[in-house]
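> Can you keep this structure in mind? I'll have questions shortly.
Just so it is clear, none of the values below were taken in a lab; they were calculated from the coordinates. Please read these numbers as outputs of a predicted model, since none were measured by experiment. We place every Cβ from the backbone using ideal geometry, glycine too, and count neighbours over all the protein chains shown.
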Amino acid sequence: MGIATDIWGDIPFSEAFAGVEGNVTPKYDTQKEVIERIQSYLDLAILDLAKPASANLSVPKTDDIFYGGNTEKWTKLAYAIKARYALRLTTKDGSAVAAQKALTYAQKSITSKADNLVATFDGGNNQSTWYAFNNQRAGYMGMGKFFIDLLNANSDPRLPFYATEAEDGTYDGAAPESPDGSGLKSRFGDYFAGDPATPLNIITLTEVKFIEAEAQFRLGNIAAAQTALQAAVNSSLIDVTGTSNATYAATASAAVTLQNIITQKYIALFTTFEPYNDFRRTGFPALTPNQASQSKKIPARLLTPKSERTLNNNATVVSDIYAPVWWATPN
């Protein structure tokens, strides 16, 4: 539901999933209400997870495909999600208020890579998401110019893992308005699409450290923000390259600004949904829209689906793809 509200804004929540009971036109809850309910449900989950397994049917068992029934790890995950959605409200609750909540939750959440929420694949019929997409739709996508230029400019050690070389032997991305076919430019590298069994990170230590870095920065704790930022970058380097690189992490975290924190997070969490949420919330990284497009704007949401417009008279209809969602609109 969190992802749904992030991309559509108001969504059915309190009356969702009630079709079997005859409610096929659920009302739409506001995004504010949805996020409040998400936080409330996570609080209830944390309380349930604290109960002994013998007294709680809700506690996951050994058939749990993510954590094998480890309630401590599920509790840490709940706090990580709470931190993520607390940070969404930096434009609504006030920067310091949202930051303090996010920091409090983050410090109770994921503390090691063993706590990461990761989807695994067997590499057979169940293939890694990006591998399958890249394999079945070869030529549909190339790496973007902004992203590749950013990594090239900083001699980022993740570049050869993130991208393949272009036809000319360099790392070169395509601009949105570029007429070049994707075959001429860099494409997804082995880190994303090289193995059908590549695991898919969902919520990780890397993201939590970036949340900490932003929260500490917004609270004025610059030294703590830099420490968290450096840890976040190094965590990503280990994930992608398999090796810690303290020198590069220190260089990448030297500038303790909101722009650098969010830009480094964009690089580390590339292909996940969080950089798009951060961009809509902060305006970073500083992207240039497709200058060949009619609007010359970057979409800010998804539109209300046609099925909802025609079949649910309770739907909140949004027809402007450039209209920001509630949490991205400053008070």
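> Could you grab the relative contact order for the chain? Cα pairs under 8 Å, six or more apart, rounded to a whole percent.
Working: 526 pairs, mean separation 62.3, N = 331.
Relative contact order for the chain comes out at 19 percent.
> Next question. Put a dot 7 Å past each Cα toward the Cβ at Glu165 and Gln100; how far apart are the dots in nm?
5.4
> Then there's this: Specify the inter-centroid distance of the stretch 143-159 and the stretch 271-299, based on alpha-carbon positions, in whole Å.
That distance is 17 Å.
> In this model, which of Lys73/Lys297; Lys145/Lys297; Lys101/Lys306 are farther than 29 Å apart at the alpha-carbon?
Numbers: Lys73/Lys297 41 Å; Lys145/Lys297 17 Å; Lys101/Lys306 37 Å.
Pairs exceeding the cut-off: Lys73/Lys297; Lys101/Lys306.
> Distance in nm between label sites at Asn125 and Ala254, each 7 Å beyond Cα in the beta-carbon direction?
5.4
> Further question on the same structure: Can you put Arg88, Arg309 in order of Cβ neighbours within 10 angstrom, beginning with the fewest?
Lowest count first: Arg309, Arg88.
> Continuing with the same structure: Which of Lys82, Lys145 comes first, and how do the rest follow, when ranked by fewest Cβ neighbours within 10 Å?
Numbers: Lys82 23, Lys145 18.
Ranked by crowding around the Cβ, least crowded first: Lys145, Lys82.
> Next question. Pulled fully out, how much extra length does the chain show between Lys306 and Ser40, if you take 0.36 nm times their separation in residues and subtract their Cα-Cα distance? Spell out each step's value before the answer.
Working: separation 266, 0.36 × 266 = 95.76 nm, distance 3.09 nm.
Between Lys306 and Ser40, full extension yields an extra 92.7 nm.
> Can you give the log10 of the normalised intensity I(q)/I(0) at q = 0.11, 0.12, 0.15 Å⁻¹, computed with Debye over equal Cα scatterers of the chain?
Normalising to I(0) and taking log10 leaves -0.83, -0.99, -1.50.
> At 1.567 mPa s and 4 °C, plugging the Kirkwood radius over alpha-carbon pairs of the stretch 121-198 into Stokes-Einstein gives what diffusion coefficient in µm²/s? List each step's numbers first, then the result.
Values: Rh = 12.8 Å.
The diffusion coefficient I find is 101 µm²/s.
> Same structure, new question: Pick out which of Thr251, Thr62, Thr204 has the largest mean-square fluctuation in a Gaussian network model of the chain, springs linking Cα atoms closer than 10 Å.
Highest fluctuation among the options: Thr62.
> Could I ask something else about it? Please give the Cα centre distance for the stretch 59-109 versus the stretch 172-216, rounded to the nearest Å.
Answer, in whole Å: 23.
> I would also like to ask the following. Using Cα pairs closer than 8 Å and at least 6 residues apart in sequence, work out the relative contact order for the stretch 1-133, in percent.
On the way: 128 pairs, mean separation 21.0, N = 133.
Answer for the stretch 1-133 is 16 percent.
> Could you please rank Leu49, Leu200, placing first whichever residue has the fewest other Cβ atoms within 10 Å of its Cβ? Could you put the intermediate results ahead of the total?
Values: Leu49 21, Leu200 16.
With the fewest neighbours first, Leu49, Leu200 line up as Leu200, Leu49.
> Assuming 0.36 nm per residue, please report the length gained on full extension of the stretch Asp320 to Lys61 beyond their Cα-Cα distance. Write out the running numbers ahead of the final one.
Details: separation 259, 0.36 × 259 = 93.24 nm, distance 4.47 nm.
Stretched fully, the Asp320-Lys61 segment lengthens by 88.8 nm.
> Hey, another quick one. Just subtract the alpha-carbon distance of Phe133 and Ile238 from 0.36 nm times their residue separation and send over the number in nm, one decimal. Working shown, then result.
Working: separation 105, 0.36 × 105 = 37.80 nm, distance 2.47 nm.
Taking Phe133 through Ile238 to full extension adds about 35.3 nm, to one decimal.
> Modelled label-to-label distance, Ala50 and Ala197, 7 Å Cα→beta-carbon offset: nm?
The modelled label-to-label distance comes out at 4.0 nm.
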